[in-house]
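Structure, as structure tokens:
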Amino acid sequence: MAEIFLLFKKKTFFIIIISLFFLLNSCSVEYKIAKEFTETSNNISLLVFSPDYIFKNNLKTYEYSYYDSLSGDELDSALFYNSLFLQNLNDSIFFENYMNNLYLGLSRYGIKVFPESMLDSFLLIQTDAYILNVAQIELEEYVMPYTAEEYFGEYLYSETIYLNAVNINSWFEITKVNSNENEKKVFYASHLVFDDMSGNFSQNIFTGEVSFSYIIDPMTENDIYELSALLGTKYAGYTFDYFLNNYIIKHLPENYHSDKRLHYNPYIKTFTPSNDDCFIEM
């Protein structure tokens, strides 16, 4: 029995090795080109523009039964001054977290970063030059339904809890400077923060009644500031991945088609499939 088990393990190991070989071989072209790019990415210079202000929209129109009697501007004003979070946010803190981490994140990828205040220096560079314009940032406050479900016997019980949430939506424009292509790419990304909730179903052993109990840890303005900092870092990665995958596409062998998109981790210098964790091209 021990010999049979050992033989099974060896066969399993062999199958895994063969599978990995074919997987790595199928991706080897993209990975070789990606590695070549990361070794030369410090030749990219990027001028970064930030937006002048943040758009803030409270989507809780249902809280105002009289909204039909208000003009558009009156409704926007009423919604803003009755929002839980938007009216209390400090734009300067938000921008500082978002933009500083964007600059720092891009630098960690080996990109030479120029804020808009360094435009004169940027115009003197000789390397590949691009402009990253953070064209618009929008915050949306709303209520997000969260549904918990659990089976007890053959019956499915569900409970819907409404959580406060804020979306951070961002639009980006990437343009290559001094290029015959002169093409502007527009991208979108969105992430959210919401109340933290923990809960569970329980059944009364005597009556069979099922109930749902929960505790909500409400989100605060600080959670929004923390997310803005995280997104600055994340979108720096998205920007680098755009350059990386654009380079891969342009350097693939003739008649070689690939729809793979890679993400690069600058800390451990590895490539992984990006899947949907990337900019959405508009």
Quiz item: Farthest toward the dipole's positive end in the range 45-281, which of I161, M99, S190, given Cβ charges of +1 (Lys, Arg) and -1 (Asp, Glu) about the Cα centre?
Solution: M99
Quiz item: For percent of Cα pairs over 32 Å apart, the listed values are (1) 25; (2) 20; (3) 48; which was obtained by calculation from the structure presented?
Solution: (3)
Quiz item: If you build a Gaussian network model of the chain, linking Cα atoms that sit under 10 Å apart, which residue out of F37, F95, F206 swings the most?
Solution: F206
Quiz item: Here are some pairs, K32/K184; K60/K184; K112/K269; K184/K269; K112/K185; K56/K112; which of them have Cα atoms lying more than 26 Å apart in this structure?
Solution: K32/K184; K60/K184; K184/K269; K56/K112
Practice problem: Set the Förster distance to 45 Å, then compute FRET efficiency between D277 and L70 from the Cβ-Cβ distance, nearest 0.05. | Solution: 0.65
Quiz item: Taking a spot 7 Å from the Cα of S211 along the direction of its beta carbon, which residues of the range 155-186 have an amide N less than 18 Å from it?
Solution: 157-161
Practice problem: Taking the Cα centre of the range 45-281 as origin, work out the dipole magnitude from +1 charges on Lys and Arg Cβ and -1 charges on Asp and Glu Cβ, in debye rounded to 20. | Solution: 1260
Exercise. Mind jotting down the distance between the C-alpha centroids of the range 219-252 and the range 138-202, whole Å?
Key: 16
Exercise. Would you mind telling me which residue in K35, K260, K56 has the biggest mean-square fluctuation in a Gaussian network model of the chain, where springs connect alpha carbons within a distance under 10 angstrom?
Key: K260
Quiz item: When the chain is fully extended, how far beyond the present Cα-Cα distance does V186 get from N255, taking 0.36 nm per residue of separation?
Solution: 22.1 nm
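Every number in this text was worked out from the coordinates using simple rules, so none of it is lab data. All values derive from a computational prediction rather than experimental measurement. No Cβ is skipped: glycine too gets one built from the backbone with ideal geometry, and neighbour counts run over all protein chains shown.
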